[in-house]
Amino acid sequence: MKVKKIMLVDDHEIFRHGVKQLIDNESDMEVVAQASNGYEAIVKYDQFQPDIVLMDISMPQYSGLDASQELFRKNSDVKILFLSLYDRDDYILKAVNMGAHGYILKDESNKDFLKAIRKVSEGKLYFSGDTSNIIINSFRKDTNGDANSATVGVEKGFRLSKRETQILEQIAEGLSNKDLSELFKLSIRTIESHRLNIMRKLRVKSIEQAVLVAKSENLIVVKE
């Protein structure tokens, strides 16, 4: 069993200590690096190459959002699970829009905390509490009649095809484009075309948003 390497980024030492103890008690994961600010996180990410980054979203000097933006620039496949005391709309929406795999509140139970880490390690999404509702509701709002901000849902006159549904379900399970190509015996270019069609039909800007919307609308079935 491969042990998941985790980097923990938070400006509160006591919180980091507690989370490290929780994680290191599990046989399938370990904390390989810690950072107390965003600048340190970027340096240590390059040094330790963790599988998952647990990132406090709000830190002084250089926030978790800013640091994560830089990490995504370096490696678009980085798995980031944001940590926060607050389910603020602006934090949550910035997190999902930049491609984060999850957002968990710091007062969640230990069980849910470990569940979130394992889901993210598998390439799945995890948004705790009411955060998923905040994301979906934000998609559904029109902004001052802007023609580019349409209501989320299947585009009028269209439905997700059987193949698109199958592909989106597998994306929700954490499969990469390469995995999908091998599973469905399709070229990666064809898989990319399906992804673009899915996002167009659901009127979202990222495949992560598409998964959240499709789950909320019961368009796909995902194993928990």
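In whole Hz and in residue order, list the ³J(HN,Hα) couplings for the stretch 159-168 that follow from phi through the Karplus curve 6.51 cos²θ - 1.76 cosθ + 1.60, θ = phi - 60°; x for Gly and Pro.
Rounded to whole hertz, the list is 9, 5, 6, 4, 5, 5, 4, 4, 5, 5.
Over the chain, calculate the relative contact order: mean separation of alpha carbon pairs under 8 Å at least 6 apart, over the residue count, as a percent.
In percent, rounded to a whole number, it is 14.
How large is the Kirkwood hydrodynamic radius of the stretch 78-132, in angstrom, based on all distinct alpha carbon pairs? Before the final figure, lay out the partial values.
Numbers: mean 1/r = 0.0912 Å⁻¹.
Every distinct Cα pair counted, the radius reaches 11.0 Å.
Using only the heavy atoms of the protein chains and a 1.4 Å probe, how would 165, 190 rank by accessible area, largest first?
Reading off the accessible areas and sorting them downward yields 190, 165.
Please list 200, 189 from largest to smallest accessible area, probe radius 1.4 Å, with all protein chains kept in place.
189, 200
Tell me the label-point distance for the pair residue 108, residue 178, using the 7 Å Cα-to-Cβ offset, in nm and rounded to one decimal.
Label-label distance for residue 108 and residue 178, simple model: 2.8 nm.
Over its Cα atoms, what ratio of radius of gyration to 2.2 N^0.38 Å does the chain give?
Dividing the Cα Rg of the chain by 2.2 N^0.38 Å gives 1.04.
Per residue of the stretch 209-221, what does 6.51 cos²θ - 1.76 cosθ + 1.60 with θ = phi - 60° give for ³J(HN,Hα)? Whole Hz please, x for Gly and Pro, Karplus curve as stated.
Ordered by residue, 3J(HN,Hα) equals 5, 4, 4, 4, 5, 4, 5, 5, 8, 6, 8, 9, 10 Hz.
Arranged from highest to lowest average of other beta-carbon atoms within 10 Å per residue, in what order do the peptides 101-107, 37-43 appear?
The most tightly packed comes first, giving 101-107, 37-43.
Suppose all protein chains stay in the model; what accessible area per residue would a 1.4 Å probe give for the chain, in Å²?
53 Å²
With a Cα-only, solvent-free Debye model of the stretch 179-224, what are the log10 I(q)/I(0) values at q = 0.32 Å⁻¹?
Listed by q, the Debye log ratios stand at -1.05.
Would you mind checking which residues have amide H under 5 Å from residue 126's amide H? H placed 1.01 Å from N; only 5 or more apart, or other chain.
102, 103
Divide by every residue of the chain the summed helix terms, -39500 (n - 2.57) for each DSSP H run of at least 4, and state the resulting mean residue ellipticity at 222 nm, rounded to the nearest 500 deg cm²/dmol.
-15000 deg cm²/dmol
As an exercise, find the ratio Rg/Rh for the stretch 36-76 from alpha-carbon atoms, using the Kirkwood inverse-distance average for Rh.
Across the stretch 36-76, the Cα-based Rg/Rh ratio is 0.92.
Between residue 222 and residue 162, what length comes free when the chain is fully extended (0.36 nm per residue of separation minus the Cα-Cα distance, one decimal in nm)?
Roughly 20.1 nm would be gained on extension.
Per the 1.4 Å probe, what fraction of the accessible area of the chain, in percent, lies on carbon and sulfur atoms?
Values: 5470 of 11840 Å².
Of the solvent-accessible surface of the chain, carbon and sulfur hold 46 percent.
Go ahead and set up a Gaussian network model of the chain, Cα springs under 10 Å, then flag whichever of 22, 65, 125 fluctuates most.
Residue with maximal mean-square fluctuation among 22, 65, 125: 22.
Quick one: Karplus J couplings for the stretch 42-53, per residue in order, coefficients 6.51, -1.76, 1.60, θ = phi - 60°, nearest Hz, x for Gly and Pro?
5, 5, 6, 4, 4, 6, 9, 6, x, 6, 9, 10
Which of the lysines could be linked to residue 2 by a straight reach, that is with a Cα gap under 25 Å, when you skip same-chain ones fewer than 8 residues away?
By straight Cα distance, residue 2 reaches 20, 44, 74, 79, 111, 115, 119, 124, 178, 223.
What ratio of Cα Rg to 2.2 N^0.38 Å holds for the stretch 1-132?
Scaled against compact globular proteins, the figure is 0.93.
The values are calculated or read from the model by the stated rules, or taken from the named source; none is laboratory data. Bear in mind that the values here come from a model prediction, so they are computed numbers and not experimental data. We place every Cβ from the backbone using ideal geometry, glycine too, and count neighbours over all the protein chains shown. These accessible areas exclude ligands, DNA and RNA; they are computed on the full protein's heavy atoms, side chains included. Shrake-Rupley method; radii C 1.70, N 1.55, O 1.52, S 1.80 Å.
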